[in-house]
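Reviewing the structure listed below.
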Amino acid sequence: MQLEKVYEPGRFEPRWAQRWVSSGIYHAKYEPGKPVFSLVIPPPNVTGSLHMGHMLEHTEIDVSIRWRRMCGDSVLWLPGTDHAGIATQMVVARQLAEQGINFRELGREEFEKRVWQWKAESGGTIKKQMIQIGASCDWSRERFTLDPGLSRAVREAFASLYERGLIYRGVYMVNWCPGCNTAISDLETHHEETAGHLWHIRYKVVGSDRCLVVATTRPETMLGDTAVAINARDERYLDLHGGKVQLPLMDREIPIILDDLADPEFGTGVVKVTPSHDLNDFEAGKRHNLPHVQVIGEDAKITAAGGKYAGLDRFAARKQVVADLEAMGALERVEDYTVNLAKCQRCKSIVEPLVSKQWFVKTKPLAAKAIAAVDEKRIEIVPENWVKTWNEWMHNIRDWCISRQLWWGHRIPAWYCDACGEVIVSRVDPPACTKCAGPLRQDSDVLDTWFSSGLWPFSTLGWPDQTEDLKHFYPTALLNTGFDILFFWVARMAMLGIEFMGEVPFRKVYLHGLVRDAEKQKMSKTKGNVVDPLLETEKSGTDAVRMTLLTGAAPGTDIVFTTERVDSSRAFANKIWNAARFLFMNMERSGVEPWMAPDVNAYMPAGDAPVEDRWIFSRMNECARDMNRAIDTFRYHEAAQTVWRFFWNEFCDWYVELKKLRFTEGSGLNDDWRNLLAVFESALRLLHPVMPFLTEELWHRLGAAQDASISLTAYPQFNPARMDAAAEKEIGTLQEIVTAARNLRADLGLDPKLQLSGLISGNADILAVAAAQAVAIGKLAGLSLQAGVTPTTGAVRSTAEFSLSIDVPAGQMEAHRKRLEKERDQLTKNIASIKRQLGDDVFLGKAPAQVVDSIRAKLADYEVQLAKVLRSLEG
């Protein structure tokens, strides 16, 4: 049972990480009569490696999973990865480019082979890392979104939605990324406020000397204008309705239309209409049956429709268009303007709105069912404040563009017959056209990655087959994920799960926050503030990193991660290690063999057990109540803080200190040891979901069978019979007396080993505890107390319950007084100096507000310290 002197998690964490996987102990098995708790992992990109956000998410999930397993549920945590269409294609294409290979020249089939080869060699990185940090998944059920079974599910879903009229192919405005060379969804773009310009351009009214002035942030798009719009309520221009303007640079006449697109209160009240390059203009174009002139292509260059500007990059064209407008006198003015630029989240290219023929999901009917599920609490979103955001987005949802112009992914199961124009959507590859028997070509596009991951909660369980896993583990109990993919993924799973399964995919959704740095900034590579969780786990241990993340993980807030907090968590682990080492050494001295409580939830100390035993069982019982409640409600920070306080403050600092007074050499397994070991073993179980490695190691050192695991034992539960108010009151009073004595000794600067005598006064209960715990007070406070009247001599410390005095040697008391006087004088000088500074109007006028606030806070702190010193001198 001997423990190494130094806590070094690197010695045992890798061993347990591999043992948990190789033993297969987390293989999910449905057991009739047991509650079922299933959860699918938010599948990380196959391209990825573990970042601190993953570490937080996987730690929170693992806490819930381990706790549920220990509570006796049939538990499944199903892991897997996402094929990440755009991201993976970018990674492999970049690697090929470094070898001088243009991936497009390889051809689709060869490129796909290269990607699968890359996946086999490098795609398992994140799985290895998850195993390394102790994720207690059922790895036998690991899935990949391009697995044959999941590919079959995707085809079934696509074909079924098509047959129900919920998938269609149509022409619509999409977000086009010229960098990734594909359409992307609204959710895959982010907006950045950027300094730009607003160009005011004169459009000459045909047959008149009047001009209409329009303002635009994208003058190059005017090459594709097919109308200008005025508002029917704007009397300034109403007489021009039905007329035409001359489109500058293009020698084309375009109509003047009435449309609410033009706002009389904004700018000149006139707007240009470019149906091919703006979503609002696209809708106006449909209302007025305007022609589409596409002047920017998928390569972000001007098309042939752009006349003499054809072939220019869009931004080069912008400069030339502006110069030409100015040269012809059509540019009225230019003003600075903040532009909200849409950029691709992956490659950061500026997104181009383009009209394109794509495949879409008709989302309104699907969204209505998902909205109802949340309204009816069949899906509970935690924290609840996200429900408002959910409703706003879902009620305003637009059709979902699901086709992507990529080679890597689920190829759209649609085939075209060039001979007769037939379109065939099929679950299996059709041999020929069903209409004319002609040859077919499959759609070259692939599906949006989120389409396949939207099926994840049921496709991973075997759907469309009615498998046993699907029967027993769907719906899943919980989804733990980041709030930033509430609509990317959560909403889509809700819509598709209800549509295909007739039941919600998860009962609860817990949305965790972001992990931020010490300055509360979001971690990013560009800022250089990214913390690698694996480096932190190697340095301080996985348990320390887990505890650090959990203690800050309050619902609805972001988590501030600092190395100082990791150091504190490691110190906590070290405290437990040292306590265990102390116990094991004394077990050997007392002749106690390894022993574990036969039933952690049934074990009770005898009624005549020492008060410290009855007290610690009562405190542990309350800890069990709070831990179960906190984990069940996703208050992971409360769970971590609760078990920290119990283990460090109550078990280590008080109980072990009191209990060691009863250790005797050669005693064997007496009731004192039996109770202490029962508490220690239960405390390890309480801590296990939070710090699995340390608890597994110590539990085995305590005497567990080698083929067992603490993660499969029963979790401590609240038992009213264990509550002992009398014991808690007595030990609480003892703690107050000892703490008062220790603080008084510290204030006096006395040697902690110096044995002193003193007096205590208080009510009968106080005096009774002082008498009953005289030995403990003598050992823990170095103080021999006698009951007496309120002390008037010596060093005195008073509380609301009692007064305590210590007989201090005269020399010690005088030295203490001199220290206090010196401290008083220095504080008085500091206060006077700060008051002079704050009284200087010149200084106050120049100093930043935060500096002044800091000085005022320092003054308040000095004044509090001075008041304390003065009270001590008066005493």
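The values are calculated or read from the model by the stated rules, or taken from the named source; none is laboratory data. Note that the coordinates shown come from a computational prediction; the quantities given were computed from them, not determined experimentally. We place every Cβ from the backbone using ideal geometry, glycine too, and count neighbours over all the protein chains shown. What goes into the accessible areas is simple: the full protein's heavy atoms, side chains included, and nothing from ligands, DNA or RNA. Shrake-Rupley method; radii C 1.70, N 1.55, O 1.52, S 1.80 Å.
How big is D, in µm² s⁻¹, for the range 1-48 by Stokes-Einstein at 25 °C and 0.890 mPa s if Rh is the Kirkwood radius over C-alpha pairs?
On the way: Rh = 15.0 Å.
The diffusion coefficient I find is 164 µm²/s.
Considering the convex hull of the alpha carbon atoms of the range 657-707, report its projected area averaged over all viewing directions, in nm², one decimal. Mind showing how you got there, number by number?
On the way: hull surface 17.6 nm².
Dividing the Cα hull surface by four gives the mean projection, 4.4 nm².
How far apart, in nm, are two points set 7 Å out from the Cα along the Cα-to-Cβ line at residue 725 and at residue 801?
1.5 nm
If each Cα of the range 99-181 is one equal point scatterer, what is log10 of I(q)/I(0) from the Debye formula at q = 0.17, 0.23, 0.24 Å⁻¹?
Calculated log10 I(q)/I(0) at the listed q: -1.09, -1.13, -1.15.
What is the helix-to-structure angle for 314-327, meaning the angle in degrees between its Cα long axis and the longest Cα principal axis of the chain, kept from 0 to 90 and rounded to the nearest 10?
Helix 314-327 sits at roughly 60 degrees to that axis.
Using 0.36 nm per residue, how much length does the chain from residue 6 to residue 670 gain when fully extended, once their Cα-Cα distance is taken away?
Working: separation 664, 0.36 × 664 = 239.04 nm, distance 2.94 nm.
Extending this stretch completely gives an extra 236.1 nm.
Per residue and in cubic angstrom, what volume does the convex hull of the Cα atoms of the range 475-618 have? Walk me through the numbers on the way to the answer.
Working: hull volume 30.8 nm³, N = 144.
Value for the range 475-618: 214 Å³ per residue.
So how much accessible area does residue 589 have, in Å² to the nearest 10, using a 1.4 Å probe?
110 Å²
So for the range 63-166, taking the charge dipole from beta-carbon charges (+1 Lys/Arg, -1 Asp/Glu), which of 96, 124, 79 sits furthest toward the positive end?
Toward the positive end, the furthest listed residue is 79.
Please report the net charge: other residues with Cβ closer than 12 Å to the Cβ of residue 326, K and R +1, D and E -1.
Working: positive: 202, 319, 333; negative: 324, 332.
With Lys, Arg at +1 and Asp, Glu at -1, the neighbours total +1.
Compute the acute angle (0 to 90°) between the alpha-carbon long axis of helix 692-702 and the principal axis of greatest extent of the alpha-carbon atoms of the chain; round to the nearest 10°.
With rounding to tens, the tilt is 30 degrees.
When Lys and Arg each count +1 and Asp and Glu each count -1, what net charge do the other residues less than 11 Å away from residue 261, Cβ to Cβ, add up to?
Net charge around residue 261: -4.
Give me the log10 of I(q) over I(0) for the range 230-350 at q = 0.17, 0.19 Å⁻¹, as the Debye formula computes it from C-alpha points; what are the numbers?
Cα-only, vacuum Debye calculation for the range 230-350: -1.15, -1.39.
Charges at C-beta only: +1 for Lys and Arg, -1 for Asp and Glu. How large is the resulting dipole of the chain about its Cα centre, in Debye rounded to 20?
The calculated dipole for the chain is roughly 660 debye.
For residue 128 and residue 424, FRET efficiency with R0 = 41 Å and r from the beta-carbon atoms, rounded to 0.05?
Details: r = 43 Å, r/R0 = 1.04.
Here the calculated transfer efficiency is 0.45.
Given R₀ = 51 Å, what would the calculated FRET efficiency be for residue 868 paired with residue 34, taking r from the Cβ atoms and rounding to 0.05?
It comes to 0.30.
With a Förster radius of 56 Å, plug the Cβ-Cβ distance of residue 538 and residue 206 into 1/(1 + (r/R0)^6) and report the FRET value to the nearest 0.05.
Numbers: r = 74 Å, r/R0 = 1.32.
For R0 = 56 Å, the calculated efficiency reads 0.15.
Average the reciprocal distances over every distinct pair of alpha-carbons in the range 142-246, invert the result, and give the Kirkwood radius in Å. Provide the component values of the computation, followed by the final result.
Values: mean 1/r = 0.0518 Å⁻¹.
After inverting the pairwise mean of 1/r, the radius is 19.3 Å.
List the pairs from 5/779; 369/508; 362/508; 127/364; 29/508; 286/343 whose alpha-carbon separation is above 28 Å, in the order I gave them.
Working: 5/779 25 Å; 369/508 16 Å; 362/508 26 Å; 127/364 37 Å; 29/508 22 Å; 286/343 26 Å.
With Cα atoms farther than 28 Å apart: 127/364.
Any chance you could give the angle, 0 to 90 degrees and rounded to 10, that helix 13-22 forms with the longest Cα principal axis of the chain?
So the inclination is approximately 60 degrees.
Using packing as a proxy for protection, rank 364-374, 81-91, 102-112 so that the peptide with the highest average count of other Cβ atoms within 10 Å comes first.
Details: 364-374: 17.6, 81-91: 23.1, 102-112: 13.4.
Sorting 364-374, 81-91, 102-112 by mean packing, highest first, produces 81-91, 364-374, 102-112.
Taking the dipole about the Cα centre of the chain, with the C-beta of Lys and Arg at +1 and of Asp and Glu at -1, give me whichever of 416, 231, 780 is farthest to the positive side.
780
Sum up the charges of everything whose Cβ sits under 11 Å from the Cβ of residue 506, counting Lys and Arg as +1 and Asp and Glu as -1, but leave residue 506 out.
Once positives and negatives cancel, what remains is +1.
What percentages make up the Cα-Cα pair-distance distribution of the range 583-635 when the bins are 10 Å wide from 0?
In order of increasing distance, the bins hold 19, 34, 35, 12, 1 percent.
How long are the three semi-axes of the equivalent ellipsoid for the chain, computed from the Cα gyration tensor as the root of 5 times each eigenvalue, in whole Å, largest first?
Values: eigenvalues 896, 306, 99 Å².
The answer is 67, 39, 22 Å, longest axis first.
Running Debye on the range 9-89 with equal point scatterers at the Cα sites and no solvent, what base-10 log of I(q)/I(0) appears at q = 0.16, 0.20, 0.25, 0.27 Å⁻¹?
-0.78, -1.07, -1.27, -1.31
With the Cα gyration tensor of the range 447-539 in hand, convert its eigenvalues to equivalent ellipsoid semi-axes via √(5λ) and list them largest first in whole Å.
Details: eigenvalues 223, 44, 31 Å².
Result for the range 447-539: semi-axes of 33, 15, 13 Å.
Quick one: work out the % antiparallel among DSSP beta bridges in the chain, nearest 5.
Details: 64 of 91 bridges.
Roughly 70 percent of the beta bridges in the chain run antiparallel, per DSSP.
For 715, 862, write out the residues from largest to smallest accessible area, computed with a 1.4 angstrom probe and no ligands counted.
Values: 715 5, 862 50 Å².
Most to least solvent-accessible, the answer reads 862, 715.
Which value, in debye to the nearest 20, describes the size of the charge dipole of the range 475-593 about its Cα centre when Lys and Arg Cβ atoms bear +1, Asp and Glu Cβ atoms bear -1, and nothing else is charged? List each step's numbers first, then the result.
On the way: 15 positive and 14 negative charges, 37 e Å.
About 180 debye.
What is the diffusion coefficient of the range 184-252 in µm²/s, taking the Kirkwood radius over Cα pairs and the Stokes-Einstein relation at 37 °C with a viscosity of 0.692 mPa s? Present the calculation step by step, with values, prior to reporting the outcome.
Values: Rh = 14.4 Å.
Value of D from the Cα-based Kirkwood radius: 228 µm²/s.
Which order do the peptides 446-452, 419-425 take when ranked by the mean count of other beta-carbon atoms within 10 Å per residue, highest first? Intermediate values should be presented prior to the final figure.
Working: 446-452: 25.3, 419-425: 14.1.
Descending mean neighbour count gives 446-452, 419-425.
For residue 377 and residue 339, calculate 0.36 nm times their separation in residues minus their Cα-Cα distance, and state this gained length in nm to one decimal. List each step's numbers first, then the result.
On the way: separation 38, 0.36 × 38 = 13.68 nm, distance 4.03 nm.
Taking residue 377 through residue 339 to full extension adds about 9.6 nm, to one decimal.
Sort 719-727, 834-842, 158-166 by the packing proxy (mean of other Cβ within 10 Å over each peptide's residues), most packed first.
Values: 719-727: 14.2, 834-842: 11.2, 158-166: 16.1.
The densest-packed peptide leads the list: 158-166, 719-727, 834-842.
At what distance in nm do the modelled label points of residue 562 and residue 236 sit from each other, each positioned 7 Å from its Cα along Cα→Cβ?
That separation, rounded to one decimal, is 5.6 nm.
Please identify the chymotrypsin sites (Phe, Trp or Tyr not before Pro) of the range 272-361 that satisfy two criteria: DSSP loop assignment and at most 13 other Cβ atoms within 10 Å. Which are they? Mind dumping the intermediate values first?
Numbers: sites: 282, 309, 315, 337, 359, 360; in loops: none.
Hits after loop and neighbour filter: nothing returned.
Rounding to the nearest 20 debye, state how big the charge dipole of the range 168-224 is about its Cα centre with +1 on each Lys and Arg Cβ and -1 on each Asp and Glu Cβ. All intermediate terms of the calculation are to be shown ahead of the outcome.
Values: 5 positive and 6 negative charges, 83 e Å.
Result for the range 168-224 is approximately 400 debye, rounded to the nearest 20.
Calculate, in nm to one decimal, what residue 817 and residue 854 gain on full extension: separation in residues at 0.36 nm each, minus their alpha carbon distance. Can you show the working numbers first?
Details: separation 37, 0.36 × 37 = 13.32 nm, distance 3.11 nm.
Extra length from residue 817 to residue 854 when fully extended: 10.2 nm.
For a quick size check, give me the Cα extents of the range 412-500 along its three principal axes, largest first, whole Å.
50, 33, 16
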